[in-house]
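Notes follow the structure.
Please treat every number below as a calculation from the coordinates, not as lab data. Everything numeric in this text was worked out from a predicted model, so none of it was measured. Using ideal geometry, Cβ is built from the backbone for each residue, glycine included, and neighbour counts are taken over all protein chains shown.
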Amino acid sequence: MKVRMRVPATTANLGPGFDVFGAALTVYNEFQAEYAADGLGGKFVLKGEGKKSLPKGEKNLLWQSMQEAFKVLKETKYNLKNLNITVDTGIPLSGGLGSSASAIVGGIALANALCKNKLSKPQIAELAVKIEGHPDNVVPAVFGGVCVCAKEDDGHGSIVHLPVPDLKVVLCVPSFELRTKRSRQILPKTVDLKDVVFNSSRIAFLTAAFCTGDWTLLEKGMQDRIHQPYRGKMIPVMDGVLKAALDNGAYGSYLSGSGPTIAALCDSKKAEDVKKAMVKVWKKESVSVKTYILDFDKKGVTSI
């Protein structure tokens, strides 16, 4: 038996929606698991972005997530000795594009497929949030589109799906890494009330933009005072890159997740100009970047 899953990259926060807003994008990780009894299993193959850097076997996040799913499904048949697993990573690692979330969702989905799809997508999302701890990356990886997520005190979550915009997402992924743990540690323990009010107003603009299609609201709707100013201290010329995108036709720009990837939303006709302007700022700092012009993924995790 062989199962294959494709999981989209995700971009979280979208500016002011810290740990709340997330969206799926059209660049993917692909995962495969094949049951092979009688000593023919045990292969763990890495391809793509993570070929040299990701761990194999027990320490791989995909396998750890598969194990968690097997526990929920009460399945004891499968192990590393009777499965051949392939991980093909197209999503940049440690870039703020949900590579870890993709592995978590992919692992659960692979295990679920091996067990005849007993879990629904909402159940996959709930388990993924338990493993990840934050919903803003894993939820859009499961469902696709643009999601507003809330993790309740009892551990359960609430999800609202916003209309998916017909816009391009321009990404600049710099060559250095920024670990999520370090990017969280730099955030303040308390936040000034003025900054909370500022972000509340920007979240309102952001939500209105997606619901009405008035993309002129995104410039304000993607401004933030809760996390970007602090994370920007670790990202050279972040403010300059954000401004360059806006000055060259982007509706809005923001730090993707915990960074260092910087994203901008624009019409297709403006995408190349926006990309070139963002890259130009990075080049002044002698930082090489990988660029993408993407659409929003509408399907989330899918069998292939």
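Charged side chains reduced to their Cβ positions (Lys and Arg at +1, Asp and Glu at -1) give the range 164-304 a dipole of some 540 debye around its Cα centre. Considering only Tyr251, Ser200, Pro92, the residue lying farthest towards the positive end of the dipole of the chain is Pro92, judged by Cα position with unit charges set on Cβ.
Taking Cα centre as origin and charging only the Cβ of basic (Lys, Arg, +1) and acidic (Asp, Glu, -1) residues, the dipole magnitude of the chain rounds to 840 debye. Taken over the range 10-117, the alpha-carbon convex hull comes to 106 cubic angstrom per residue. Calculated [222 nm] ellipticity per residue, helices only, for the chain: -10500 deg cm²/dmol; basis is -39500 (n - 2.57) per DSSP H run with n ≥ 4, divided by all residues, nearest 500. Listed by chain and number, the aspartates and glutamates whose C-alpha is less than 20 Å from the C-alpha of Lys77, apart from same-chain residues fewer than 8 away, are Glu34, Asp38, Glu58, Glu68. For helix 99-114, what angle does its Cα long axis make with the longest principal axis of the chain, in degrees from 0 to 90 and rounded to 10? With rounding to tens, the tilt is 30 degrees. Taking other residues whose beta carbon is less than 14 angstrom from the beta carbon of Asp295, and scoring Lys, Arg as +1 and Asp, Glu as -1, yields 0. The packing ranking, built from the mean of other Cβ atoms within 10 Å per residue, places the peptides 88-96, 114-122 in the order 88-96, 114-122, highest first.
The range 122-259: D in µm²/s via Stokes-Einstein (Kirkwood Rh, Cα pairs, 10 °C, 1.306 mPa s)? The diffusion coefficient I find is 96 µm²/s.
Restricting the trypsin sites (Lys or Arg not before Pro) of the range 231-304 to loop positions (DSSP other than H, G, I, E, B) with no more than 13 neighbouring Cβ atoms within 10 Å leaves Lys298, Lys299. Working value for the range 86-190: equivalent-ellipsoid semi-axes of 23, 19, 16 Å, each the square root of 5 times a Cα gyration tensor eigenvalue, largest first.
Suppose the Debye formula is applied to equal point scatterers at every Cα of the chain; what is log10 I(q)/I(0) at q = 0.09 Å⁻¹? The calculated log intensity ratios at q = 0.09 Å⁻¹ are -0.44.
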